[in-house]
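Q: Here it is: the structure, laid out below.
The values are calculated or read from the model by the stated rules, or taken from the named source; none is laboratory data. Bear in mind the structure is a predicted one, so any value in this text is a computation, not a measurement. FYI the Cβ positions are ideal-geometry reconstructions off the backbone, even for glycines, and counts take in every protein chain you see.
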Amino acid sequence: MRVDTVKRGEPLVAVLERAGVPRDEAARVLMESQAIDARKIRAGTTITSKVSPDSGASEVVLQLAIDRLVRFTRSATAGSRSGWLEKEETLSWTTDTVVVGGVVTSTLTGAIAQGAEAFPANVRDEVAYALADILEYRVDLSRDLREGDTIKVLMERQRAPNGAVRPGDVIAARLTVDGRRVETMRFAQGTKSSYFDGEGKSMRAAFLRAPLAFRRISSVFGLRRHPILGTVRAHQGMDYAAARGTPVRALGDGVVIFAGWKGGYGRVLEIRHRNGFVTRYGHLNAFAPGIRRGTNVSISRTVAFVGTTGLSTAPHLHFEVLVNGKHRDPRVALRNVTGEPLASGQRATFDDLKARLFARLDGPRDASTAAAPVVTRIAGD
Ligand SMILES: [Zn+2]
């Protein structure tokens, strides 16, 4: 068995030759191939070959993706000019469920990493992002977590036969956020799955909790002291450290009432929402295309980009929430903005699933030792 990789800019025919296939045969194999386009094979692709000293290569396998390979086998009865048979194989991922999480000490990813031998380090950020996306109408995970808060996530884990692991969907999670309990679980209605809180209210609501997506900003929690600005200045807003150009999202549906320059705010955007809410985004580098006074925007749309205009010493977003013209702490102002409740006919099914999911969440971490597998039941339609 010989293992090799495709070097940058190297023709595939040369790699096959190195793998033990005579050059003219290799050229024919590639010409006949249905599965691969030799010009599109990426550098770094792994090639495994079976070679014997006297007869050369008898089998060559190209790993096209983590779950896809092409196997070339030399065969006297191949019926092809090259004398090789080609077979494309797809490896199937298997899914199980695991529980990850622990006590928050410094970062969300760090908390997720506890008990997360379930996931290799390089995909733990993805687990944190998936959770932050589900919670983005309810919790600002970049700001609200405190040391000692807890996170527990029941989620799907997908495994390939070659040992590769990737996170699947979050099934349920329970957190304490600044001491407050937050629960969420996936629930299917008809063919559509979405996330609900423990009370059966949709996790989607009229406002996001943060104007920057969690995956785009520092995951250091409790940003009471600004890492770049040094201290939180005496002003009525929140500062988010982020790279210049980071997309700024509309916190909710609304209409742009100001897009221009305003003293210390620098380039600033103001959006009016329903119920007397106005959101203000300052120190912007630029507005998104089409954003001007009078533009209607929908929740989560990119409306601007982080900058350091006005009275600002480093790229960051200055964010304010005003209610009926008065500054409010966004955490307080948005606390009671929650989603629509489930239809009452779904309630019994929901409660039954919730009991089983949270029992699993509190049970053993590894699915293989769980007494019973968790099956997400599709609610009757
Ligand atoms: Zn500020």
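Q: Residue check, residue 361 against (1) at pLDDT below 95; (2) buried (at least 16 other Cβ atoms within 10 Å of the Cβ); (3) within 19 Å of residue 211 (Cβ to Cβ), all met but one. Which one?
A: (3)
Q: Is it fair to say residue 279 is hydroxyl-bearing (Ser, Thr, Tyr), more than 16 Å from the ligand (Cβ to nearest atom) and closer than 15 Å to residue 209 by Cα?
A: no
Q: Just the residues that are touching an Asp or Glu at 6+ places or on another chain (Cβ under 9 Å) and buried (at least 20 other Cβ atoms within 10 Å of the Cβ), please, taken from the range 284-311.
A: 297
Q: Could you count how many residues in the range 290-331 are assigned to a loop (DSSP other than H, G, I, E, B) and more than 13 Å from the ligand (Cβ to nearest atom)?
A: Result for the range 290-331: 13.
Q: Just one of 224, 267 is of a type in the set (Lys, Arg), modelled with pLDDT of 95 or more, within 16 Å of the ligand (Cβ to nearest atom) and not assigned by TED's automatic domain parsing to the domain that holds residue 154; which is it?
A: When all the criteria are applied, what remains is 267.
Q: Still on this structure, please answer the following. Among (1) outside any strand (DSSP E or B); (2) exposed (fewer than 15 other Cβ atoms within 10 Å of the Cβ), where does residue 111 come up short?
A: (2)
Q: Another question, if that's okay. For the range 145-157: of the residues being over 19 Å from the mean Cα position of the chain (by Cα) and among the charged types (D, E, K, R), which is surrounded by the most Cβ atoms within 10 Å (Cβ to Cβ)?
A: 149
Q: Of the residues 215, 209, 181, which single one is assigned to a helix (DSSP H, G or I), modelled with pLDDT under 95 and out of contact with any Gly (no Cβ under 6 Å at 6 or more places or on another chain)?
A: 215
Q: Can you confirm whether residue 65 is at pLDDT below 90, touching an Asp or Glu at 6+ places or on another chain (Cβ under 9 Å) and outside the structural domain of residue 164 (by TED's automatic domain parsing)?
A: no
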